[in-house]
Amino acid sequence: MATFQSLPGFREFYPESLARRNHMFRLWRQTATAFGFAEYDAPVLEPLDLYRAKSGDEIEAQLFSFVDKGGREVALRPEMTPTVCRMVGAKANALKRPIKWFSVAEYYRYERAQKGRERAFFQFNADLFGEPGPEAEIELIALLVQCLRAFGLGEEDFFVRLSDRNLWFFYLEALGLDDVRIRAMLSAIDKFEKLGEDAFKSYIEQFGPLDEGIKAKVLAFLEIKTLADLEQRLGSIAGEKLAARLADWRKLLGGLEAMGLGRFVEVDLGVVRGLAYYTGFVFEAFDRKGELRAIAGGGRYNDLVAKLGGPDLPAVGFAIGDVTLGLLLEARGLMPQLVQASDIYCVVGGEAERKAAFADINALRAAGFRTEYPLKDVAFGKQFKLAADSGAKLALIYGADELAKSTVKIRDLANRSEMEVPRDQVLATVRDFFAGE
RNA sequence: GCGGCCAUAGCUCAGUUGGUUAGAGCACAAGAUUGUGGAUCUUGGGGUCGCGGGUUCAAAUCCCGUUGGCCGCCCCA
């Protein structure tokens with residue numbers, strides 16, 4: 001038992017788990033690149049004020065923050081959004097629109113670790129700046145869906161819940177609620193699933209009694225499951241803002257439908273997303289069985305770039321975490337067993353044969369073939385077992401017989417066939433073999 | 001930050017009402033096996049029983065504290 005343990009919520013990645021992590025990173029990068037997003041990176045340590053400015057003082061309790069030796073208040077980044085807003089804001093005028101960026105990075109939050117939640121975790125982050133219309137949401141939700149489908153997850157495994165803070169705002173406004181009550185209502189709606197209908201009804205009266213008719217209308221709004229439902233509910237309510245919003249909804253869902261992704265997206269106005277700075281569409285991805293916490297979340301944040309000192313720049317973004325997605329992939333058997341398989345295993349007889357093998361081993365490795373050999377003398381029989389264990393496709397046999405003839409025996413470990421080639425043709429023969437694979 | 005359950009080998013676990021030197025399977029290593037395969041058999045290494053204190057002639061076992069894990073609450077950017 002180790003005297004020194006790793007800190008709570010911080011994971012150590014042994015080769016097998018690092019391979020799984022890299023598997024995720026690889027598919028995320030591949031997918032984002034295919035969507036035309038460019039990768040960037042940024043500092044792990046930031047001024048504490050960056051997060052205070054974005055999320056308020058309460059955020060500090062959830063941060064790994066401290067005073068550095070220069071007396072600066074700093075924090076390990078808990079998310080990428082403020083950083084990327086600063087970066088984009090600083091060069092907004094020089095960047096081609098739309099700005100489509102992504103990153104894969106580690107984040108740190110001082111929270112109690114739970115299933116699906118660690119104190120240090122990785123996120124895939126994608127953001128699109130400079131496009132105010134729902135075209136941006138189409139692009140991002142399509143990317144989100146594809147980032148999950150790339151692992152082999154299907155519509156039976158996950159779905160995206162789509163909501164809209166603007167729609168709520170305009171709707172509640174049309175129902176006659178003032179600004180303060182609208183905000184209270186949004187926070188209540190966020191808790192609706194947990195509270196249940198009765199607790200919800202009393203919760204929303206914390207700023208005073210509320211007309212039963214309004215309560216009923218809010219609850220009915222939460223029932224909405226499709227665009228047709230939404231159009232029907234809003235049909236009786238006049239208002240330019242609501243009409244424009246409805247047009248955006250049609251465009252967004254129509255676009256996703258046209259991409260063939262309609263079956264992955266559900267209208268669910270119960271999604272409001274926390275304290276957030278979100279200003280329009282918001283969305284979250286969940287596993288279908290509802291066993292895990294959110295796989296991904298995001299939305300529009302049109303005010304944040306300006307709030308952090310940049311120009312007015314509309315933006316939409318989302319993040320996928322590695323922890324919950326990892327759990328889902330494990331549960332669905334979609335996390336491949338990524339063993340480090342060799343290409344070639346060299347079976348060596350003794351010291352003289354080893355020296356002969358070394359020259360070839362180095363040449364094979366320089367040519368990019370993953371080549372292994374026993375570091376110390378091992379019985380021949382055991383070496384073939386080691387060769388099989390290594391996952392190598394070929395065994396190169398350097399024995400006394402071969403050395404005498406200046407040849408090497410090459411064994412195809414899959415079909416157990418063997419051939420003998422002159423030493424100077426080993427590399428060429430191996431190249432041919434792997435080229436033909 | 002709050003509450004519940006848990007902690008024995010790298011992993012999964014056994015360990016009787018407190019009683020000799022804490023065990024098994026898997027994994028790892030060596031041998032059987034000096035030229036051909038994921039097998040088998042034999043052997044071996046590996047433990048401050050999470051850590052600290054207490055009760056006792058005697059503690060893996062009982063008590064207290066602490067650290068860590070899992071689950072839930074708060075939060076979830």
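Observations, loosely collected:
- Restricting region A:373-407 to residues that are aliphatic (A, V, I, L, M), in contact with a Gly (Cβ under 9 Å, 6 or more places away or on another chain) and at pLDDT 90 or above, the residue that is nearest to RNA strand B (Cβ to nearest atom): A:ILE397
- Flag if A:ALA294 is touching a residue at least 60 places away in the same chain (Cβ under 8 Å), within 30 Å of A:ALA331 (Cβ to Cβ) and within 15 Å of the chain's Cα centre (by Cα): no
- Picking from residues in region A:52-76 that are among the small types (Gly, Ala, Ser) and closer than 21 Å to A:TYR277 by Cβ, the one that is nearest to RNA strand B (Cβ to nearest atom) is A:SER55.
- Tallying residues that are closer than 26 Å to A:LEU252 by Cα, in contact with a Leu (Cβ under 9 Å, 6 or more places away or on another chain) and part of a loop (DSSP other than H, G, I, E, B) within region A:98-132 yields 2.
- Scanning region A:128-146 for residues that are within 16 Å of RNA strand B (Cβ to nearest atom), at pLDDT 95 or above, surrounded by 20 or more Cβ atoms within 10 Å (Cβ to Cβ) and small (Gly, Ala, Ser) turns up nothing.
- None of A:ALA75, A:ALA32, A:ALA38, A:ALA61 is over 30 Å from A:GLU139 (Cα atoms), of a type in the set (A, V, I, L, M) and touching a residue at least 40 places away in the same chain (Cβ under 8 Å) except A:ALA61.
- Looking across region A:297-318, just one residue is within 20 Å of the chain's Cα centre (by Cα) and farther than 18 Å from A:PRO132 by Cα, and that is A:GLY297.
- Given (1) over 30 Å from A:GLY154 (Cα atoms); (2) under 39 Å from the mean Cα position of the chain (by Cα); (3) within 12 Å of RNA strand B (Cβ to nearest atom), number of the condition A:ARG370 does not satisfy: (3)
- Of the numbered criteria (1) in contact with a strand residue (DSSP E or B) (Cβ under 6 Å, 6 or more places away or on another chain); (2) of a type outside the set (Lys, Arg); (3) more than 10 Å from RNA strand B (Cβ to nearest atom), the one A:GLU420 fails is (3).
- Odd one out for A:ILE189, checked against (1) within 16 Å of RNA strand B (Cβ to nearest atom); (2) in a loop (DSSP other than H, G, I, E, B); (3) surrounded by 13 or more Cβ atoms within 10 Å (Cβ to Cβ): (2)
- Here A:ARG149 meets each of (1) closer than 25 Å to A:ALA53 by Cα; (2) among the basic types (Lys, Arg); (3) within 16 Å of the chain's Cα centre (by Cα) with one exception, condition (1).
- Residues located in region A:50-65, provided they are touching a Lys or Arg at 6+ places or on another chain (Cβ under 9 Å) and of a type in the set (Lys, Arg): A:LYS54
- For A:PHE200, the requirement of being touching a residue at least 12 places away in the same chain (Cβ under 8 Å), in a strand (DSSP E or B) and within 16 Å of RNA strand B (Cβ to nearest atom) is not met.
The values are calculated or read from the model by the stated rules, or taken from the named source; none is laboratory data. These figures come from a predicted structure and were not determined experimentally. Every residue, glycine among them, receives a Cβ derived from its backbone with ideal geometry; neighbour counts consider all protein chains shown.
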